[in-house]
1. Within the range 555-572, is even one residue on the phi > 0 side of the Ramachandran plot and without any contact (Cβ under 8 Å) to a residue 40 or more places away in the chain?
2. What are the pairs, 6+ residues apart or on separate chains, where a residue within the range 588-606 that is under 21 Å from residue 164 (Cα atoms) has its Cβ under 8 Å from a residue that is surrounded by fewer than 18 Cβ atoms within 10 Å (Cβ to Cβ)?
3. Cβ-Cβ under 9 Å, sequence separation 6+ or interchain: first residue in the range 25-46 and within 20 Å of residue 72 (Cβ to Cβ), partner in a helix (DSSP H, G or I) and of a type in the set (Lys, Arg). Which pairs?
4. Is at least one residue of the range 595-606 within 34 Å of the chain's Cα centre (by Cα), assigned to a helix (DSSP H, G or I) and closer than 17 Å to residue 536 by Cβ?
5. Yes or no: residue 380 within 24 Å of residue 298 (Cα to Cα), free of Cβ contacts under 8 Å to residues at least 40 places away in the same chain and within 7 Å of the ligand (Cβ to nearest atom)?
6. Any residue at all in the range 349-366 that is of a type in the set (Asp, Glu) and not in a loop (DSSP other than H, G, I, E, B)?
7. Taking the range 10-31, which residues are within 19 Å of residue 510 (Cβ to Cβ) and not in a loop (DSSP other than H, G, I, E, B)?
8. When you go through 121, 183 one by one, which is the residue that is closer than 23 Å to residue 275 by Cβ and surrounded by fewer than 24 Cβ atoms within 10 Å (Cβ to Cβ)?
Amino acid sequence: MTEQAFTPPTSEWYQPDPALVAAANVPDYEAVYDRARQDPQAFWAKRAEELQWYQKWDQVLDASNKPFYKWFTGGKTNMALNALDRHVKTWRRNKLAIIWEGEPGDKLSLSYWQLWQEVNKFANVLRGMGVKKGDRVTIYMGRVPEIAIAMLACAKIGAPHSVVYGGFSEQALASRIEDAQSKVLITCDGAWLRGKIVPLKNTVDEAAQRSPVVETVIVVKRTGQDIHMEGGRDYWYHDLMALPIAKPRAETEIMDAEDPLFILYTSGTTGKPKGVLHTHGGYQVYTSTTLSWAFDIKEEDRWWCAADPGWITGHSYIVYAPLILGATSIIYEGAPTYPYPDRWWQLVAEYGVSILYTAPTAIRGLMRFGEAWPQRHDLSSLRLLGSVGEPINPEAWRWYHRVIGREQCPIIDTWWQTETGGFMITPLPSVGLKPGSATRPFPGIEVDIVDDDGAPVGVNEDGNLVIKGPWPSMIRTVYGDDERFLSQYWAKYQKQGWYLAGDTARRDEDGYLWVIGRNDDVLKVSGYRLGTAEVESGLVSHSAVAESAVIGVPDELRGNKIFAYCILVAGAEGSPALEAELKAHVRHEVGPIAVPAQIEFVDNLPKTRSGKIMRRVLKAQALGQPLGDLSTLED
Ligand code: PRX
């Protein structure tokens, strides 16, 4: 099922600014792309040499067991070595690593030295609580500096973290804890969002009941309301950090390049979320290279990736890559429009943000409030702007470019996925732009658009986006489920050995790539990734619902909104009250992002003879479009 198709306005060009290009970290995209294509391994080896290793690799790429590729085998490193340890031995120890602003306006800045000390202290706490190399730790927090500290401390001791986005509810949290078998969970009492408290610890209490594997819960005090603390299980972070054991020096675990750094669960085509596994070595090389080249990070920059650390964007580009590069990374806790629609612009001006990276849905949301809000603030510190998460519609692109970027900041539209670890298709400052196109593949990456048999499609024709060769930060497997890794990403083009992205895309006459949307049962709602099956299982877990089907329908603000169709159990009656109850139920079971905009009660659903729901038919019907080929329809 393809999301709404649009005709790309291929004639609209924005040429690169010569001054920006001349000063760029990579002034000539074409030359570097060619060099990487000629010898990808030499290219990646050179990038890896920019980082510190305890021991150099023997082999850049081990492709002996495709598609279980290994990178920098024999190499010894640790994310914490490059993100922190090496910086505190240089002048960078005095530089700000993180600037944090809470939604209520409280502030905290940490220099590299301070961050390093906090991470060391917490690493010692975790070790003291018995966490060992290889143990999985679940993190369920708001956007506070402690989330970065927790992630880095886990990396430092070699314990893979699994960060669960704070907007997920207890069922989603419990299933992720269960899948990762984490005995330790790090959380906050609550998080501030639009002036209200999101009661994270309550959710943790319920999740821990559903998932008894949790033995220890560490709680950061953020919002201060009364919460339940379970004796023998729950500990306050600040109490632990005050213990003598929390010394500000800690050994960094020496990790193999291929040892796991983290698991991050993402939605797929079944109800069960997939634990995408990333490792210490290749992920460092790839994320730091992409950030440095696409966003042209300079020592003096103030980089603001406005995502949540709980998603891959936050992992790669709030926490890890900026710190590897020794950059200053900004974290803001709250909503963009709280208390007023100029909150972000006020922060840009206050902190002198030079690069802002956000999602189209946020831009569209801010656009609604008009130009007066940004115009109230001096945004002249901005040098580059970025977009991620879904296709950016040209109107939002132009507004972002004109109103926020004064027509002087290139829009770096980055296409990538949880599975890819870093940007795959993105302009560098030396690449001309077309609004709505993520432009060209990153150096070292070969992509194509092909039909179901693997033949390349013609210019401006829709096809499946594939990635033709391995790259250092590629997903290593689905945690605990190699079969699913193979069937999901590699089975379709097994013969050719290509990675299937799950997106529909096209290439125009200039070779520019246009990603149109998902072509599987994955939805993008406000840039969040959700499986139709996750929402459906949330609905059928209500006693009144026998069966359900969920589709995404284009929405001006959110990209897509969720429409749900439910068959009720015998005796249950569809009503507005039941619709409201089901929405509340999904909010509780899955999370606020999964709540359907509309629920329709139906007597049956269109199915194939083998019993598969034909969501395509529901979608065409909802949009008033032709129903297409119905030959496989059962009835
Ligand atoms: O459909 C594509 C869309 O987001 C999907 C990946 O989602 P997730 O793993 O949550 O990662 C989001 C942040 C990297 C992709 O399969 N997507 C992401 N960026 C873009 C995009 N679609 C179009 N243009 C983009 N720039």
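1. Within the range 555-572, one or more residues are on the phi > 0 side of the Ramachandran plot and without any contact (Cβ under 8 Å) to a residue 40 or more places away in the chain.
2. 589/541; 594/587; 595/587
3. Pairs found: 42/35; 43/35; 43/37.
4. The answer is no, given that none of the residues of the range 595-606 is within 34 Å of the chain's Cα centre (by Cα), assigned to a helix (DSSP H, G or I) and closer than 17 Å to residue 536 by Cβ.
5. No; evaluated as a whole, the condition is false for this residue.
6. Yes, the conditions are met somewhere in the range 349-366.
7. Selection gives 14, 21, 29, 30, 31.
8. Matching residue, one of 121, 183: 183.
The values are calculated or read from the model by the stated rules, or taken from the named source; none is laboratory data. Source: prediction; values computed, not measured. Counting neighbours? That spans all protein chains shown, and the Cβs are built from the backbone with ideal geometry, glycine included.
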